[in-house]
Amino acid sequence: MYLLWPSGLVLPPYVVYKGKNLYKDWVCGGPSGAVYTTSLNGWMESDQFMEWFKTIFLEWTTPFSQHPRILIFDRHLSHLSLDSIKCACENFILLSLPSKLTHLLQPFDRTVYRPVKQR
């Protein structure tokens with residue numbers, strides 16, 4: 001996933017493949033700075049989320065830390081470990097979207113990912 005900031009900064013993608021092992025041919029020719037991992041079901045789970053949060057999100061957003069930063073999250077179980085919440089509270093103002101309404105409130109899900117999922 002690429003995240004585009006108003007400043008023009010684009011975070012490198014974090015790719016989760018379904019499987020136990022990560023094969024070299026899965027990562028050849030990928031975007032610069034991309035991080036690749038696996039999970040048994042191909043979904044981001046709490047371990048992958050913490051890796052993404054610490055190695056990509058925190059690292060790339062630290063230059064903006066002189067300004068208040070708000071982190072909007074959707075209460076997905078993969079994001080709700082004690083470590084992730086503690087780490088987020090130390091670095092951001094947290095804003096949680098209400099349960100059962102994220103499909104209506106997440107602009108990326110409605111405008112970017114929805115058409116991709118439909119295709």
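The values are calculated or read from the model by the stated rules, or taken from the named source; none is laboratory data. Please read these numbers as outputs of a predicted model, since none were measured by experiment. Every residue, glycine among them, receives a Cβ derived from its backbone with ideal geometry; neighbour counts consider all protein chains shown. The area values use the complete protein model at the heavy-atom level, side chains included, leaving out ligands, DNA and RNA. Shrake-Rupley method; radii C 1.70, N 1.55, O 1.52, S 1.80 Å.
Residues that are more than 15 Å from the chain's Cα centre (by Cα) and of a type in the set (A, V, I, L, M) within region 21-57 comprise 22, 27, 40, listed in sequence order.
Close contacts from region 80-103, counting a first residue that is modelled with pLDDT of 80 or more and assigned to a helix (DSSP H, G or I) and a second that is small (Gly, Ala, Ser) and surrounded by 10 or more Cβ atoms within 10 Å (Cβ to Cβ), with Cβ to Cβ under 9 Å and a gap of 6+ residues or different chains, come to 83/46; 84/46; 84/78; 91/65.
For every residue, the table says whether it meets (1) surrounded by 13 or more Cβ atoms within 10 Å (Cβ to Cβ); (2) of a type in the set (Gly, Ala, Ser); (3) in contact (Cβ under 8 Å) with a residue 40 or more places away in the chain.
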position: 19; (1), (2), (3): yes, yes, no
position: 25; (1), (2), (3): no, no, no
position: 39; (1), (2), (3): yes, yes, no
position: 50; (1), (2), (3): yes, no, no
position: 54; (1), (2), (3): yes, no, no
position: 58; (1), (2), (3): yes, no, no
position: 63; (1), (2), (3): no, no, no
position: 67; (1), (2), (3): no, no, no
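Quick check on residue 82: is it of a type in the set (A, V, I, L, M), closer than 16 Å to residue 46 by Cβ, open to solvent by 60 Å² or more (accessible area, probe 1.4 Å) and within 16 Å of the chain's Cα centre (by Cα)? The answer is no for residue 82.
Say whether the condition of being in contact with a helix residue (DSSP H, G or I) (Cβ under 9 Å, 6 or more places away or on another chain), under 19 Å from residue 88 (Cβ atoms), in a loop (DSSP other than H, G, I, E, B) and of a type outside the set (Gly, Ala, Ser) is met by at least one residue in region 43-51. Yes, some residue in region 43-51 is in contact with a helix residue (DSSP H, G or I) (Cβ under 9 Å, 6 or more places away or on another chain), under 19 Å from residue 88 (Cβ atoms), in a loop (DSSP other than H, G, I, E, B) and of a type outside the set (Gly, Ala, Ser).
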